[in-house]
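The values are calculated or read from the model by the stated rules, or taken from the named source; none is laboratory data. Note that the structure is predicted; figures quoted are calculated from it, not measured. Cβ placement follows ideal geometry from the backbone for every residue including glycine, while neighbour counts extend to all protein chains displayed. Heavy atoms of the whole protein, side chains included, go into the accessibility calculation; ligands, DNA and RNA do not. Shrake-Rupley method; radii C 1.70, N 1.55, O 1.52, S 1.80 Å.
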Amino acid sequence: MAATQDTIDRIAEASGTYKYGFVTDIESDKAPKGLNEDTIRFISAKKDEPAWMLDWRLKAYRHWLTMKEPDWQKVGYPPIDYQDAYYYAAPKSKDDAPKSLDEVDPELLRTYEKLGIPLKEQEMLAGVAVDAVFDSVSVATTYKKKLEEMGVIFCPISEAVHRFPELVQKYLGSVVPYSDNFFATLNCAVFTDGSFVYVPKGLRCPMELSTYFRINEQNTGQFERTLIIADEGSYVSYLEGCTAPQRDDNQLHAAVVELITMDDAEIKYSTVQNWYPGDSEGKGGIYNFVTKRGACRGKNSKISWTQVETGSAVTWKYPSCILQGDNSVGEFYSVAITNNAQQADTGTKMIHIGKNTRSRIISKGISAGRADQTYRGLVRMLPKAEGARNHTQCDSLLIGDQCGAHTVPYIESRNPTAQVEHEATTSRISDDQLFYCLQRGIPEEDAVALIVNGFCKEVLQTLPMEFAVEAQKLVGISLEGSVG
Amino acid sequence: MALLEIKDLHATVEDDDGNPKPILKGISLTINPGEIHAVMGPNGAGKSTLSNVISGRPGYTVTGGTVTYDGQDLLEMEADERARAGIFLAFQYPVEIPGVATGTFLKTAINARRKANGEPEIEAVDFLKMMKANAKKLGVADSMLKRPVNVGFSGGEKKRAEVLQMAMLEPRLCVLDETDSGLDIDALRVVADGVNALRTPERGMLVITHYQRLLDYIVPDVVHVLADGRIVKSGDKSLALELEAKGYAEFTGAAA
């Protein structure tokens with residue numbers, strides 16, 4: 001624990017109010033600024049990709065040119081100049097890739113330490129396999145061998161393209177097609193790296209798989225691509241957590257995550273998102289435009305999304321489930337906190353196709369400062385979804401009198417036997433609650449964190465243990481300065 | 001040294017139009033360590049305002065006088081500082097905090113104190129032992145400690161939980177604001193027993209009540225009658241019985 005405290009202290013030293021705001025100085029080679037077919041060829045060449053991969057990227061890029069940026073979401077931001085950004089940056093040491101942690105750039109290792117990810121310690125103590133993404137290129141992968149001995153593939157997607165081309169070709173874009181939406185299509189064209197997971201039939205993966213993301217280069221769009229396949233009767237829990245250094249320029253982040261479960265398989269996908277939200281005016285924060293979607297292809301399969309969203313200046317994100325297999329289950333548990341000038345338009349889509357499919361949505365939105373937050377959720381019951389059920393609970397908590405909370409549910413039912421329930425509440429932290437805590441000696445900011453953690457409890461308790469503790473702390477940190 | 005010394009205290013509260021309305025109009029009161037003082041009075045006399053001003057609840061403005069606690073200027077301290085310095089208010093209407101287990105809440109409160117004193121956080125095992133021992137004394141079920149603070153508690157459970165918190169936080173000055181309200185006679189006895197168990201030579205108590213009944217169980221050293229923002233009479237415990245017989249008419253009449 002001493003090492004952890006040490007890490008925390010160093011973070012505090014290295015940053016101002018944003019506790020994870022620091023910048024590592026590592027030389028990187030970048031693609032030329034701007035976006036055109038040459039940029040895409042550059043990225044593909046850098047990764048030594050096969051022709052099919054490049055063709056897919058180019059197909060997506062050409063389609064993207066015909067698309068319009070969406071404007072239906074309830075967020076505002078200045079127009080993004082897609083030509084004024086870099087689309088590829090990698091640590092220079094990439095060419096002679098490290099074979100073990102000892103060969104990793106010590107500067108890089110220090111960055112991980114600042115982030116509280118001492119890899120070696122994790123290897124030994126935590127039993128968590130980490131596929132650490134630093135500036136778009138995976139530089140260290142732990143536990144990979146152990147996992148592969150069991151038959152679990154957990155590697156950078158750039159590596160999977162070479163080692164498991166048939167799996168990648170079969171599943172990449174099968175849940176989120178290249179033409180899906182403006183940001184996802186952009187991702188298809190320029191994605192740099194991300195994680196690839198395949199869990200074979202009948203295996204219950206005993207370790208939580210975890211990836212920490214990091215945006216480190218100024219003006220570098222970050223385009224992660226993750227693909228997770230759980231074959232028949234398998235189970236895997238995947239954790240995604242991220243922090244980012246403090247920057248003055250807005251940074252675009254457009255990730256795509258695809259999940260696929262076969263018969264009787266389950267994927268649990270948990271996210272703690274803490275990217276730089278910008279200063280108190282919202283200046284400099286991350287734009288987080290993410291497409292996450294899972295397909296329950298098999299019968300009795302299950303996909304569960306849990307997200308704790310506290311960062312980013314603008315969030316546009318709807319982790320969804322397509323419930324194809326009969327009796328399949330989709331879950332979405334969300335805590336979204338917006339403070340100061342943050343904006344979030346987030347929710348989920350549950351598409352019920354198969355018989356007796358079930359979905360559950362619990363969304364907890366907390367707005368403070370001048371922040372604006374929208375829950376946007378779609379529940380669609382298709383004609384064959386006999387006996388399908390959905391329950392949605394959508395609660396908003398307001399702190400102060402200048403923030404906003406909005407709930408926009410879309411419900412479409414085309415099967416008379418399907419049941420859809422939607423509950424929504426809006427409340428605020430009362431003066432009485434606050435005073436009650438103060439009178440017990442709990443300082444105001446701790447009191448707010450306590451009350452908000454109570455409000456989010458149903459969602460936080462769905463997180464894996466280690467993550468839950470981190471998330472609770474994050475809730476407190478995110479709301480600092482929101483009262484008084 | 002007196003534990004709490006209130007001198008000529010004046011306080012106002014904002015009315016619905018935002019205008020200051022005088023409630024306390026010159027209260028003086030001294031509580032020494034080990035003493036229990038009861039404040040009685042009719043509705044609207046300022047009893048709850050007195051407890052709120054002592055505990056530092058926002059919305060009240062002190063317009064005159066002084067309050068000294070353990071030698072410190074209490075009015076200069078924030079509400080949470082006062083609590084950590086040992087002032088505990090048992091609420092007339094305990095507040096619900098959904099999703100926060102009573103045990104977690106208490107542990108947070110204890111650790112806030114320890115942190116302020118530069119002490120390490122309480123060990124989980126020590127905390128549990130302490131909580132179970134106190135809960136047992138007060139007849140509080142273990143299951144209640146896992147339930148969210150005051151959520152779905154009956155009137156009696158809420159008041160018992162308040163006394164449990166008081167026992168756990170080991171205050172120097174306990175302010176009980178109409179702790180008897182909403183209690184049947186059996187619950188009243190359990191709560192009173194809990195309070196009596198906390199009587200020590202160091203600890204002072206201010207018991208605010210509308211009825212004499214509570215004082216049958218928590219026997220005060222001094223009884224004050226509060227009417228229209230002033231203490232109009234003080235005496236020993238027999239004063240409470242006198243009030244029970246005659247009512248407050250004499251004092252409200254005098255004040256009008």
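Screening the candidates A:267, A:215, A:228, A:260 for the property of being modelled with pLDDT under 85 and among the hydrophobic types (A, V, I, L, M, F, W, C) yields one hit, A:215. Among residues of region A:52-75 that are under 26 Å from residue A:410 (Cβ atoms), those with a Cβ under 6 angstrom from a residue that is among the acidic types (Asp, Glu) and not in a loop (DSSP other than H, G, I, E, B), sequence gap 6+ or separate chain, pair up as A:73/A:345; A:74/A:345; A:75/A:345. Residues that are surrounded by fewer than 16 Cβ atoms within 10 Å (Cβ to Cβ) and within 19 Å of residue B:198 (Cα to Cα) within region B:220-237 comprise just one, B:221. Scanning region B:140-156 for residues that are open to solvent by less than 50 Å² (accessible area, probe 1.4 Å) and more than 14 Å from chain A (Cβ to nearest Cβ) yields B:140, B:144, B:145, B:155, B:156.
Between B:219, B:207, B:175, B:151, the distinction of being touching a residue at least 40 places away in the same chain (Cβ under 8 Å) and in contact with a Ser or Thr (Cβ under 7 Å, 6 or more places away or on another chain) belongs to B:175 only. The set of residues in region B:89-129 that are within 8 Å of chain A (Cβ to nearest Cβ), of a type in the set (A, V, I, L, M) and over 21 Å from the mean Cα position of the chain (by Cα) comprises B:100, B:116. When region B:71-88 is limited to residues that are open to solvent by 70 Å² or more (accessible area, probe 1.4 Å) and within 11 Å of chain A (Cβ to nearest Cβ), the one that is nearest to residue B:170 (Cα to Cα) turns out to be B:81. Does residue B:60 count as within 10 Å of another protein chain (Cβ to nearest Cβ) and open to solvent by 60 Å² or more (accessible area, probe 1.4 Å)? When the stated conditions are applied, residue B:60 does not pass them.
Counted as qualifying within region A:389-484 are the helices (runs of 4 or more DSSP H) with 3 or more residues that are among the small types (Gly, Ala, Ser) and in contact with a helix residue (DSSP H, G or I) (Cβ under 7 Å, 6 or more places away or on another chain), namely A:465-478. Residues that are surrounded by 15 or more Cβ atoms within 10 Å (Cβ to Cβ), closer than 15 Å to residue A:186 by Cα and of a type outside the set (S, T, N, Q) within region A:40-57 comprise A:40, A:41, A:43, A:53, A:54, A:56, A:57, listed in sequence order.
Against the list (1) closer than 21 Å to residue A:333 by Cα; (2) within 14 Å of chain B (Cβ to nearest Cβ); (3) small (Gly, Ala, Ser), the condition residue A:447 fails is (1). Checking A:371, A:341, A:388 one by one, the residue that is surrounded by 24 or more Cβ atoms within 10 Å (Cβ to Cβ), farther than 26 Å from residue B:99 by Cα and more than 19 Å from the chain's Cα centre (by Cα) is A:388 and no other.
The residue of region A:415-430 that is farthest from the other protein chains (Cβ to nearest Cβ), among those that are modelled with pLDDT under 90 and surrounded by fewer than 15 Cβ atoms within 10 Å (Cβ to Cβ), is A:427. Looking across B:49, B:63, one residue alone is touching a strand residue (DSSP E or B) at 6+ places or on another chain (Cβ under 8 Å) and more than 26 Å from residue A:429 (Cβ to Cβ). It is B:63. Out of contact with any Leu (no Cβ under 7 Å at 6 or more places or on another chain), among the hydroxyl-bearing types (Ser, Thr, Tyr) and either under 23 Å from residue A:433 (Cβ atoms) or within 14 Å of chain A (Cβ to nearest Cβ) (or both): is that true of residue B:48 in this structure? Yes: the conditions hold for residue B:48. Taken over region B:1-22, the criterion of being crowded, with 21+ Cβ neighbours inside 10 Å and either under 22 Å from residue B:232 (Cβ atoms) or not aliphatic (A, V, I, L, M) (or both) is satisfied by B:4, B:6, B:9, B:11. Among strands (runs of 3 or more DSSP E) entirely within region A:244-351, having at least 1 residues that are of a type in the set (Gly, Ala, Ser) and touching a residue at least 60 places away in the same chain (Cβ under 8 Å) singles out A:266-274, A:286-296, A:302-309, A:329-338.
Just one of (1) more than 14 Å from every other protein chain (Cβ to nearest Cβ); (2) out of contact with any Phe, Trp or Tyr (no Cβ under 7 Å at 6 or more places or on another chain) fails for residue A:394. It is (2). Suppose we filter region B:151-193 for residues that are in a loop (DSSP other than H, G, I, E, B), of a type outside the set (Val, Ile, Thr), closer than 19 Å to residue A:432 by Cα and under 17 Å from the mean Cα position of the chain (by Cα); how many remain? The total comes to 2.
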